[in-house]
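Undergrad: Would you mind keeping the following structure in view while I ask a few things?
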Amino acid sequence: MESNFRKISIIGLGYIGLPTAAMFAGNGLEVVGVDINKTIVDKVNRGEIHIVEPELEERVSEVVQNGKLRASTKVEQSDAFIIAVPTPFKENHKPDVSFVEAAAQSIASVLRPGNLVILESTSPVGTTLRMARVMAEMRPDLKFPAEANSDADVHIAYCPERVLPGKTMHELVHNDRVIGGIQKCCSERAKTLYELFVKGECLLTDSKTAEMTKLTENSYRDVNIAFANELSIICDKLGIDVWELIHLANHHPRVKILNPGPGVGGHCIAVDPWFIVDSTPEEAKLIKTAREVNDLKPEWVISKIEEAIRKVGKPFGNGSKPKVACLGLSFKANIDDLRESPAVEIVRELASRDCCDLLVVEPHINTLPKGLNGCANVRLLSLRDALQEAEVVVGLVDHDEFKAIPAQVLRGKAMLDARGIWPIRKTQAAMAD
């Protein structure tokens, strides 16, 4: 099938939408990035970015300057539309697809025969069909794809992103893509669009299977992380160094245990498994248990921090509370993304308990996030200043900057390493001797 796309619109200029827009624009298409946040729109139109992602700023600046990418708060007529908006959950972990529905409604008003609509947002199974119904209700003058209708005016498909923050620009090009159309012709049409820049394999299926594929990938990761997190708690109780244990166990040719952490964050792994649990609550027993293990890990980390604070003693010095340096707020290393971050949850809870003065170090942000910026006992400091003041040092995110801290700087301080930033390998040390 030959590509006939000249202009496309990307709805949502976040961590996936903006890089995707820049990628299509860099491959010759006219791209309109749409976002309800005017600050983001204005920034993109200046060739600037509002997120931290290697290589993205250079690409955005280039395609804005050559006129291939511009941003707007309103949807325009285009040949194709890609929806990349948030899909959070509400109370009791119920999926919230209201942003997808709002995007679909905004697109419906400008749809024309021959258009392609692709949903990229990670979504519960059936969301693509639901999105199609929303647009069909608004546009009874157009024929939308259904099982018995192969001559639809509008093609609709689901194609989830599969990128790792920090490597987004590379993985958008080189990762395989799963494309699920409501009909086979929808999948094939979407494939011609992605093949404009994707060098990985485009795998075609139906929309429900594509939706479940993304949820399965992240649930698989969540279950494996839960094993590592539970193992860290067990090892702490038994007086075993979990980092050494994992290092040794992973020498088995068929064992690859992940590293534990303070919990699980990010919009994907911390959220997506709940979509499966919500759809099949009686069947998704292991997936639900893994989510509960990972959701409870921040509270365990807090209890270990409080132990360290008690060892320091309270009050400390001239009646002041112990100073605790919390290294990292993002949900993973070397990025600025704070979505669902267990580190933020831990700092917020400690602040509410008012048991210490919190010296937060997050090199990828300039201001504290909502919920922390008004706390009198929380300050955002440079790494150097925080380490000078702190009696307790807590490693929450394994940023490269933290891995490079000299051992002598940490000497004499109470420490808790929740992410394996400074693991002690007894076996390796013995071998070195």
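Undergrad: From the list L358, L329, L338, which residue is within 27 Å of V293 (Cβ to Cβ), part of a loop (DSSP other than H, G, I, E, B) and open to solvent by less than 20 Å² (accessible area, probe 1.4 Å)?
TA: On inspection, the qualifying residue turns out to be L329.
Undergrad: Here's a follow-up. Exactly one condition in (1) open to solvent by less than 40 Å² (accessible area, probe 1.4 Å); (2) modelled with pLDDT of 95 or more is not met by V163; state its number.
TA: Of everything listed in (1) open to solvent by less than 40 Å² (accessible area, probe 1.4 Å); (2) modelled with pLDDT of 95 or more, V163 misses just condition (2).
Undergrad: Still on this structure, I have one more. Would you point out which residue out of V277, V264 is among the β-branched types (V, I, T), over 21 Å from G371 (Cβ atoms) and modelled with pLDDT of 95 or more?
TA: Just a single option satisfies the conditions, and that option is V277.
Undergrad: Follow-up question, since we're still on this one. Considering only the range 115-125, I want to know if a residue exists there that is more than 23 Å from L338 (Cβ to Cβ) and either surrounded by fewer than 17 Cβ atoms within 10 Å (Cβ to Cβ) or out of contact with any Phe, Trp or Tyr (no Cβ under 9 Å at 6 or more places or on another chain) (or both).
TA: Among the residues of the range 115-125, not one is more than 23 Å from L338 (Cβ to Cβ) and either surrounded by fewer than 17 Cβ atoms within 10 Å (Cβ to Cβ) or out of contact with any Phe, Trp or Tyr (no Cβ under 9 Å at 6 or more places or on another chain) (or both), which makes the answer no.
Residues checked against (1) open to solvent by less than 40 Å² (accessible area, probe 1.4 Å); (2) part of a loop (DSSP other than H, G, I, E, B); (3) in contact with a helix residue (DSSP H, G or I) (Cβ under 9 Å, 6 or more places away or on another chain); (4) over 21 Å from P95 (Cα atoms):
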{"residue": "I246", "(1), (2), (3), (4)": "yes, no, yes, yes"}
{"residue": "H251", "(1), (2), (3), (4)": "no, yes, no, yes"}
{"residue": "K256", "(1), (2), (3), (4)": "no, yes, yes, yes"}
{"residue": "N259", "(1), (2), (3), (4)": "no, yes, yes, yes"}
{"residue": "I276", "(1), (2), (3), (4)": "yes, no, yes, no"}
{"residue": "T289", "(1), (2), (3), (4)": "no, no, yes, no"}
{"residue": "E292", "(1), (2), (3), (4)": "no, no, yes, no"}
{"residue": "K297", "(1), (2), (3), (4)": "yes, no, yes, yes"}
{"residue": "A308", "(1), (2), (3), (4)": "yes, no, no, yes"}
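Undergrad: Among the residues of the range 1-26 satisfying the criterion of being polar (S, T, N, Q) and at pLDDT 95 or above, which is nearest to C186 (Cα to Cα)?
TA: Checked the range 1-26; the qualifying residue nearest to C186 (Cα to Cα) is S9.
Undergrad: Follow-up question, since we're still on this one. I'm trying to understand the selection: among the residues of the range 234-248, which are among the charged types (D, E, K, R) and under 13 Å from D417 (Cβ atoms)?
TA: Listed by number, the residues that qualify are D236, D241, E244.
Undergrad: Can you tell me how many residues in the range 204-229 are within 22 Å of T87 (Cβ to Cβ) and open to solvent by 50 Å² or more (accessible area, probe 1.4 Å)?
TA: Residues meeting the conditions: 8.
Undergrad: Oh, and also: Name the residues in the range 115-166 that are in a loop (DSSP other than H, G, I, E, B) and closer than 17 Å to V75 by Cβ, would you? So that I can check it myself, show each step before the final result.
TA: Going residue by residue through the range 115-166, those that are in a loop (DSSP other than H, G, I, E, B) are 115, 120-126, 139-145, 147-148, 150-154, 159-166.
N115, E120, S121, R139, L142, V154, listed by residue number.
Undergrad: Shifting gears a bit: Could you check how many residues of the range 230-244 are among the small types (G, A, S), crowded, with 16+ Cβ neighbours inside 10 Å and free of Cβ contacts under 8 Å to residues at least 24 places away in the same chain? Don't jump to the end; show me each part of the working.
TA: Taking the range 230-244 and keeping what is among the small types (G, A, S), we get 232, 239.
Next, only the ones that are crowded, with 16+ Cβ neighbours inside 10 Å stay: 232.
Keeping just the survivors that are free of Cβ contacts under 8 Å to residues at least 24 places away in the same chain gives none.
The number of residues fulfilling the criteria is 0.
Undergrad: Another question, if that's okay. Show the residue pairs meeting these rules: Cβ distance below 7 Å; 6+ apart or different chains; first residue within the range 394-409 and under 15 Å from H364 (Cβ atoms) and in contact (Cβ under 8 Å) with a residue 12 or more places away in the chain; second residue open to solvent by less than 70 Å² (accessible area, probe 1.4 Å) and part of a strand (DSSP E or B).
TA: Close Cβ pairs satisfying both conditions: L396/C326; L396/L327; V397/L327; F402/L327; F402/G395.
This table checks each residue for (1) crowded, with 23+ Cβ neighbours inside 10 Å; (2) of a type in the set (D, E, K, R).
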| residue | (1), (2) |
| --- | --- |
| T128 | yes, no |
| L142 | no, no |
| D151 | no, yes |
| V154 | yes, no |
| A157 | yes, no |
| V173 | no, no |
| I179 | yes, no |
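Undergrad: Hey, M138 hits all of (1) out of contact with any Cys (no Cβ under 7 Å at 6 or more places or on another chain); (2) under 23 Å from R339 (Cβ atoms) but one; which does it fall short on?
TA: If we test M138 against (1) out of contact with any Cys (no Cβ under 7 Å at 6 or more places or on another chain); (2) under 23 Å from R339 (Cβ atoms), just (2) comes out false.
Undergrad: Here's something else I'd like to know. Out of the range 66-105, which residues are more than 20 Å from S123 (Cα to Cα), among the basic types (K, R) and in contact (Cβ under 8 Å) with a residue 40 or more places away in the chain?
TA: Within the range 66-105, K68, K74 qualify.
Undergrad: Could you list, ordered by first residue, the pairs with Cβ atoms under 7 Å in which the first is in the range 22-42 and open to solvent by 40 Å² or more (accessible area, probe 1.4 Å) and the second is in a helix (DSSP H, G or I) and β-branched (V, I, T), at least 6 apart or interchain?
TA: These pairs meet every condition: G26/V63.
Undergrad: Residues that are more than 21 Å from K214 (Cβ to Cβ), open to solvent by 20 Å² or more (accessible area, probe 1.4 Å) and not aliphatic (A, V, I, L, M): does the range 81-88 have at least one?
TA: Checked the range 81-88: no residue is more than 21 Å from K214 (Cβ to Cβ), open to solvent by 20 Å² or more (accessible area, probe 1.4 Å) and not aliphatic (A, V, I, L, M).
The values are calculated or read from the model by the stated rules, or taken from the named source; none is laboratory data. Here the structure is a predicted model, which means the values were calculated and not measured. So basically every Cβ, Gly included, is an ideal-geometry build from the backbone, and we count neighbours across all protein chains shown. All accessible areas refer to the heavy atoms of the entire protein, side chains included, with ligands and DNA or RNA removed. Shrake-Rupley method; radii C 1.70, N 1.55, O 1.52, S 1.80 Å.
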